[in-house]
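In what follows, a single structure is set out as structure tokens and then discussed.
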Number of protein chains: 2
Amino acid sequence: MLKLAILGFLRDRPMHGYELRRHLAALTGHIRPLSDGTLYPAIKRLEADGLLVRETEPGSTAAPRHTLHLTPEGRAALLERLRTPEQLDISDENRWFTVLAFLRHLDDPAAQAVVLRRRLAFLEEPASFFHDEAGPLDAERITDPFRSGILLIARATSRAELAWLHDMIAALETQGGRDLTATGA
Amino acid sequence: MLKLAILGFLRDRPMHGYELRRHLAALTGHIRPLSDGTLYPAIKRLEADGLLVRETEPGSTAAPRHTLHLTPEGRAALLERLRTPEQLDISDENRWFTVLAFLRHLDDPAAQAVVLRRRLAFLEEPASFFHDEAGPLDAERITDPFRSGILLIARATSRAELAWLHDMIAALETQGGRDLTATGA
DNA sequence: CGACGATACCTCGATATCGAGGTATAGCGG
DNA sequence: CCGCTATACCTCGATATCGAGGTATCGTCG
């Protein structure tokens, strides 16, 4: 997920690690803060895999300041990841939001619609949040107010997302990606 | 989070690993599947910390079948974790739901309200999902339809959860925890 | 009675992340 | 010019998780 976010941000424009760090913090930092010890090794992994290169600019500001650029392989890896996300990217909301945040880079409305349809399919399958010996518990049989709260919140999210997904998929498939800003508002 | 969930389920009643696995799968498995290689080492860690003991029942069914029981230390650890969750348990929705799923074990409405208030405070602080060079971007300035979708969904969740939290906290603080099942429905 | 699936448990290597520490420089206020 | 903060990068040990593999038993269907 970190890998996806790094590739996604660098697709917009080259930047150095510290700037990347600020962008990542703005994306998911309030939910899950990111430490240096996670970011810099991740950058090194991507560099070792040939997905990005660093260009040292000595005279700019303080420290050596390596500006990070995506390679063609890096751009290809981003597109591939966006086109065929793993199941965890679909089911886990944090990861899914990261996919969504960069899905515009997948410059093909049909391919974007395919990804949204996968999320749609996941949300539409009956999710069993709790169960006892008799099997899954639906909301009505749950007496614990905290657990019924979970279901209440999960359903509200689900409703909002399903509505948005339906609109968005329709726009992508019929209009070919034009006039999209109006659908979500 | 796994630790919390294991302690929470064993608080209800003793069970063996495989049963625990099914309960965990029902709780968060559709979002994030749990592998054996995660569960059994986690059980061993809890056993090593003295939070649970296993009692081998040889004659029951197939394999040795260790029934897991919480120790008094385990019950204390669960209560402590529920009473003072770490910040990640508050901010990350997956973790927060796990806290909620077992918060009833914290058998004190005032303490439960304190935990809910922490989540309330987190949701009420202005979350900046994206930003550019000029600073955080509010929803109106975002042109990417996928990103505005993220904000749309996040706001719907937030609204539903805020409403529920306000009701629930009020019920816990004024009624002392009685008549709670009516508030969330 | 033999194959098969479900139950039940376990190990181990690879990987990702965390958190705490460190090293610099630039710029600014006092 | 001293201290402070922000910028910018890095290492390293500890830990948690994943995934793929293994072992054994029980019940049942044919």
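Can you work out which of the residues in region B:34-58 that are in contact with a Ser or Thr (Cβ under 8 Å, 6 or more places away or on another chain) and buried (at least 17 other Cβ atoms within 10 Å of the Cβ) is nearest to B:GLU80 (Cα to Cα)? So, considering only residues that are in contact with a Ser or Thr (Cβ under 8 Å, 6 or more places away or on another chain) and buried (at least 17 other Cβ atoms within 10 Å of the Cβ), the one nearest to B:GLU80 (Cα to Cα) is B:LEU51. Just one of the listed residues (B:GLY17, B:GLY50, B:GLY37, B:GLY8) is within 18 Å of the chain's Cα centre (by Cα) and not hydroxyl-bearing (Ser, Thr, Tyr), and it is B:GLY8.
Among residues of region B:9-35 that are touching a residue at least 12 places away in the same chain (Cβ under 8 Å), those with a beta-carbon under 7 Å from a residue that is assigned to a loop (DSSP other than H, G, I, E, B) and within 11 Å of DNA strand C (Cβ to nearest atom) at least six positions away or on a different chain give the pairs B:HIS16/B:ARG65. If we keep just the residues of region B:65-76 that are open to solvent by less than 80 Å² (accessible area, probe 1.4 Å) and not polar (S, T, N, Q), which is nearest to DNA strand D (Cβ to nearest atom)? If we take residues in region B:65-76 being open to solvent by less than 80 Å² (accessible area, probe 1.4 Å) and not polar (S, T, N, Q), then B:ARG65 is nearest to DNA strand D (Cβ to nearest atom).
Considering only residues of region B:17-28 that are open to solvent by less than 60 Å² (accessible area, probe 1.4 Å) and within 13 Å of DNA strand D (Cβ to nearest atom), which is farthest from the other protein chains (Cβ to nearest Cβ)? Explain how you work it out, then say what you get.
Restricting attention to region B:17-28, the residues satisfying the condition of being open to solvent by less than 60 Å² (accessible area, probe 1.4 Å) are B:17, B:19-20, B:23-28.
This time we only want the ones that are within 13 Å of DNA strand D (Cβ to nearest atom), so: B:17, B:24-25, B:28.
Numbers: B:GLY17: 17, B:LEU24: 11, B:ALA25: 9, B:THR28: 9 Å.
In this case the residue turns out to be B:GLY17.
Return the residue satisfying two criteria in turn: it lies in region A:77-122 and is outside any helix (DSSP H, G or I), within 16 Å of DNA strand D (Cβ to nearest atom) and under 20 Å from A:LEU46 (Cβ atoms), and of such residues it is farthest from the other protein chains (Cβ to nearest Cβ). Ranking the qualifying residues of region A:77-122, first place goes to A:THR84. As a summary of the residue check, A:ILE31 satisfies the conditions (1) part of a loop (DSSP other than H, G, I, E, B); (2) loosely packed, with under 14 Cβ neighbours inside 10 Å; (3) of a type outside the set (Asp, Glu) except for the one numbered (2).
The values are calculated or read from the model by the stated rules, or taken from the named source; none is laboratory data. From a predicted model like this one, the values you see are computed outputs, not experimental measurements. Reconstructed Cβ throughout: ideal geometry from the backbone, glycine too, with neighbour counts over all protein chains shown. Only protein heavy atoms, including side chains, enter the accessible area calculation; ligands, DNA and RNA are left aside. Shrake-Rupley method; radii C 1.70, N 1.55, O 1.52, S 1.80 Å.
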